[in-house]
1. Applying the selection to the stretch 8-33, what residues are within 15 Å of residue 64 (Cα to Cα) and assigned to a helix (DSSP H, G or I)?
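The values are calculated or read from the model by the stated rules, or taken from the named source; none is laboratory data. Given the structure is predicted, the values throughout are model-derived calculations rather than measurements. Cβ sites come from the backbone with ideal geometry, for glycine too, and all protein chains shown count toward neighbours.
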Amino acid sequence: MKEELIQNVSKNVYRRFPAVKGKRPKVRVQQSRSGKQTNTNKTYSLTYHNTVETANRKRMPYWVRVVVDEKGKVLKTTTSR
């Protein structure tokens, strides 16, 4: 995946989820549902990780996972609690 697309997606993620601002995502090629990679549009999984402090001062891991197509369009976003 191109670096400029990663940066554009990251800007949107940082705006929505400030807890992971400045963190570099781990980028992986997403497998198709059948388990076979086809020549159709590839999808990528970008995973952001940080540790946040809760209201009672405990530390908790925080994950944001974004699935994007090869053009940089966000298809799905999930977060941990």
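1. 9, 10, 11, 12, 13, 14, 15, 16, 18, 19, 20
Every residue, every condition in (1) surrounded by fewer than 10 Cβ atoms within 10 Å (Cβ to Cβ); (2) modelled with pLDDT under 95, yes or no:
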residue	(1), (2)
1	no, yes
14	no, no
30	no, yes
33	yes, yes
42	no, yes
46	no, no
64	no, no
71	yes, yes
80	no, yes
